[in-house]
Amino acid sequence: MLHRCASSISKLLRRRGSVLLVAKLMVISRLLHKTLSQQTTVPPFVEDLRNQLASLRRSLLRRLEKRLASAKYAADEIIEALAAYCLTTSSSSDDAIRYFHQVRLDGIGGQLELVDPSGENVLNSLRLYVRTLQTSKILLSRRLSDVLSKLKARPLLTDPEIRSLDDLDLGVLGRWVAADVNNFTPWIKLSELSKSDAEKTIKQWSKPAFDRFLDGCRGTLTNWLDFSKLLSLRKQTLELWLSSRSSTPTHSSLQVLEGIRSVFNDRLRGILSEQAKTLDVFGQGVASGVSHWGDRAHTASQSLWAEDLISLDYSNGSAAFKQAVTDRLLGRDDDVSAVLEKYHGWLSVIEESRESIDGLRQIRWADVLDEGEDEDLDIEVPAMLNDDDPRLLREALQVAIEQAFETLQNSLSTTFDTLEKPGQSGEAAFMLKTIRLARRDLPVQFISSDYALSQSIVPELQKILATDIVARTGPWKSPATSKSKSGKVPGRTLWEGDPEIPVQPTPSTFKYLRRLVRSMDQYGAGLWDASTTQTLKSAMLDEISKAIKSSLENLNSPVDHEDSKKSASQDDEETESARNGEDSDPAMPETESIESDSAADVKDRKIQLYFDSVYLNDAFAVQHSERSQLTEVLGTLRSSLDLPAKATKNLENAAREYWKRTQLLFGLLAMGSEL
């Protein structure tokens, strides 16, 4: 009989038979083994059967644990498993409930310890939590007690399921069974709980179980980096809870909802912060470009009128052509484009996250909520999920972006501090271009429209560039030293009016501006925005102011000017004498004539110097500046002119009018010249 019980148990376990029937057979086997063990002569096979039954008992308990840990089984199957557990382990109904809750608690934590990129483990864990609460409500409503009471109602060997097992052959072997085995009736301690006690038991498990769920979620969500996928998982998780909240007894429906929102919002804010911090890659790219500037060749700035632009592909709406024109116009050369690619990649990620956040407002949570009432949930759920959470995430994104730009500014400032060597204007131009182009594409929905990236270092970079341009352009040859073949002021014969005044600047002044524009053009047209051009103009005004002041001092110094005139005249006469083969011996009567010519020449040169100075003052005019650096020196020069006030006014008007007619010849310099 004992051997047949062991064989039947083994067969039922292999065939996935009733676990309760297996438990009944296990109890009968235990009784039979006890009876045989008490005999004076114990058969040798009894010990082997004991070991076999112990192994079968462990298999049964594993089977029971597996069933209890799964959320896919119905309440009746759970009740059957708990009844089998009570028979197998001689446990009370309370012990069975506690065991069930512990298995489920371990199952909730175990699911969240799995590495699942799909997030299904989070849903399974919450689903297990919900099903446990729903099943507990059924278990504590006398359903389990009723099943256990039936087990206590009659002896096990009279159970119809036991007697229907042909393998036991009770009709033949039953007569040999001892009376205490034949009459054994299970005794299981039952606890009759009131409704309030049942609710208290459920709540006592619900709170720590949900805390376990939240802790596990925090751990598993740490590995999530995809913002949109995490939002999708959040939606599924909330849908799972909201669709079953009214039918699920818990410690607090509101706390469960708040907990789910909190654990997901915390990780979503973390992802947003991590996304924003990747802006530092752009700053590192700028730093790398500056530090390795001298280690590689750089593409020269290309003109909009270069021949290679004509040969570009014009298909697909001339996309390649338009892109090339835009790149050249904005100064996006290879160095700048390589760095800006990282910035634009960052912008794309931020924009995608922003759209995902705004999309939360479109979810119809009213369609998800069940129709049951929940006295613990006295707030408007759709408003919380459609308004509060998107606002919370948007604010988090804004804070993260602001912090990212602050970090970027510090990074750019650190890079600027490395520009110590003279002649690093190329690096300065590179930084100016990248900063300016980054300013064009700021995430304006999160950054103030008047925000100026790296405002503290841009003026210094512009000064470095302006200093290099001034050096490249070279000194200005003022009319005080310029001479034509006749030794007079160049263009003197073209003067008009009464008294005669210049109608154009000297050629040296015109050439000076041409050299300046060529120096500017070497860095590309895209660099010279209004502020950079104004900084250059200020530097040029300083240089011109010094040159004019020096020229005026030379003209007002009779000795210096006379020596200069004599030297120039002597050179001319010696050259002429050398041609005629004669000695140079100027006659005394010519002294007064020379002095007269010298005085007239000084006057002419002052007049031409004033014309050129006014012309350059307009060329280098700085926007929003009430007083030019040349104002004082122009006033000094004006007072030294021997001209009527009207003629001086006409001279100034002629110089300004000439700049208006010629400014387009100096396109880069004309940037922002209109006040």
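Close contacts from segment 133-159, counting a first residue that is touching a residue at least 60 places away in the same chain (Cβ under 8 Å) and open to solvent by less than 10 Å² (accessible area, probe 1.4 Å) and a second that is of a type in the set (S, T, N, Q) and not in a helix (DSSP H, G or I), with Cβ to Cβ under 6 Å and a gap of 6+ residues or different chains, come to L133/T248; L133/T250.
Tallying residues that are in a loop (DSSP other than H, G, I, E, B), open to solvent by less than 30 Å² (accessible area, probe 1.4 Å) and modelled with pLDDT of 85 or more within segment 453-499 yields 7. When D167, D116 are screened for being within 29 Å of T250 (Cβ to Cβ) and in a loop (DSSP other than H, G, I, E, B), only D116 passes. Can you spot a residue in segment 518-535 that is open to solvent by 70 Å² or more (accessible area, probe 1.4 Å), assigned to a helix (DSSP H, G or I) and either at pLDDT 90 or above or not hydroxyl-bearing (S, T, Y) (or both)? Looking through segment 518-535, at least one residue is open to solvent by 70 Å² or more (accessible area, probe 1.4 Å), assigned to a helix (DSSP H, G or I) and either at pLDDT 90 or above or not hydroxyl-bearing (S, T, Y) (or both). When T237, T201, T250 are checked against the criterion of being open to solvent by 10 Å² or more (accessible area, probe 1.4 Å) and within 30 Å of E380 (Cβ to Cβ), T250 stands alone in meeting it.
Listed here are the residues, each with its yes/no results for (1) modelled with pLDDT of 95 or more; (2) in contact with a helix residue (DSSP H, G or I) (Cβ under 7 Å, 6 or more places away or on another chain); (3) open to solvent by less than 30 Å² (accessible area, probe 1.4 Å).
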| position | (1), (2), (3) |
| --- | --- |
| S91 | no, yes, yes |
| F100 | yes, yes, yes |
| Q111 | no, yes, no |
| V115 | no, no, no |
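For segment 522-549, a residue qualifies if it is hydroxyl-bearing (S, T, Y), over 32 Å from the mean Cα position of the chain (by Cα) and closer than 22 Å to E427 by Cβ, and the qualifying residues are T533, T535, S538.
Pairs linking a residue in segment 345-364 that is aromatic (F, W, Y) to a residue that is surrounded by 12 or more Cβ atoms within 10 Å (Cβ to Cβ), with Cβ atoms under 9 Å and 6 or more positions apart or on different chains, are W346/Q275; W346/A276; W346/T278; W346/L279; W346/V281; W346/F282; W346/A404. Of L309, L329, L231, L268, all but one fail to be modelled with pLDDT of 95 or more, hydrophobic (A, V, I, L, M, F, W, C), over 20 Å from L369 (Cβ atoms) and in a helix (DSSP H, G or I); the exception is L268.
In segment 142-155 there is at least one residue matching the filter, namely being at pLDDT below 95, in a helix (DSSP H, G or I) and farther than 21 Å from S18 by Cβ. For segment 254-295, filtering for residues that are among the acidic types (D, E) and free of Cβ contacts under 8 Å to residues at least 24 places away in the same chain leaves 2. Hey, any hits in segment 89-106 for a residue that's under 21 Å from C217 (Cβ atoms) and not in a helix (DSSP H, G or I)? No. Restricting the first member to segment 427-453 and to residues that are touching a residue at least 24 places away in the same chain (Cβ under 8 Å), and the second to residues that are loosely packed, with under 13 Cβ neighbours inside 10 Å, the beta-carbon pairs closer than 8 Å and six or more apart or on different chains are P443/E351.
Restricting segment 3-25 to residues that are open to solvent by 10 Å² or more (accessible area, probe 1.4 Å) and aliphatic (A, V, I, L, M) leaves a set whose member that is nearest to T89 (Cα to Cα) is L20. On the stretch given as segment 374-428, residues that are open to solvent by 20 Å² or more (accessible area, probe 1.4 Å), among the hydroxyl-bearing types (S, T, Y) and either part of a helix (DSSP H, G or I) or modelled with pLDDT of 95 or more (or both) total 4. Here D450 fulfils each of the conditions (1) open to solvent by 50 Å² or more (accessible area, probe 1.4 Å); (2) in a loop (DSSP other than H, G, I, E, B); (3) in contact with a helix residue (DSSP H, G or I) (Cβ under 7 Å, 6 or more places away or on another chain); (4) more than 25 Å from A647 (Cβ to Cβ) apart from (3). Checked against the criterion of being open to solvent by 70 Å² or more (accessible area, probe 1.4 Å), out of contact with any helix residue (DSSP H, G or I) (no Cβ under 7 Å at 6 or more places or on another chain), among the small types (G, A, S) and at pLDDT below 95, segment 283-295 contains one or more residues that satisfy it. Among the small types (G, A, S), more than 17 Å from I188 (Cβ to Cβ) and modelled with pLDDT of 90 or more: is that true of G17 in this structure? Answer is no for this residue. Yes or no: segment 66-75 includes at least one residue that is open to solvent by less than 40 Å² (accessible area, probe 1.4 Å), under 15 Å from V147 (Cα atoms) and modelled with pLDDT under 95. Yes, segment 66-75 contains a residue that is open to solvent by less than 40 Å² (accessible area, probe 1.4 Å), under 15 Å from V147 (Cα atoms) and modelled with pLDDT under 95.
Checked against (1) open to solvent by less than 10 Å² (accessible area, probe 1.4 Å); (2) modelled with pLDDT of 90 or more; (3) not charged (D, E, K, R), N617 passes all but a single condition, namely (1).
The values are calculated or read from the model by the stated rules, or taken from the named source; none is laboratory data. Here the structure is a predicted model, which means the values were calculated and not measured. Positions of Cβ are generated from backbone atoms using ideal geometry, with glycine treated the same way; all protein chains shown enter the neighbour counts. Heavy atoms of the whole protein, side chains included, go into the accessibility calculation; ligands, DNA and RNA do not. Shrake-Rupley method; radii C 1.70, N 1.55, O 1.52, S 1.80 Å.
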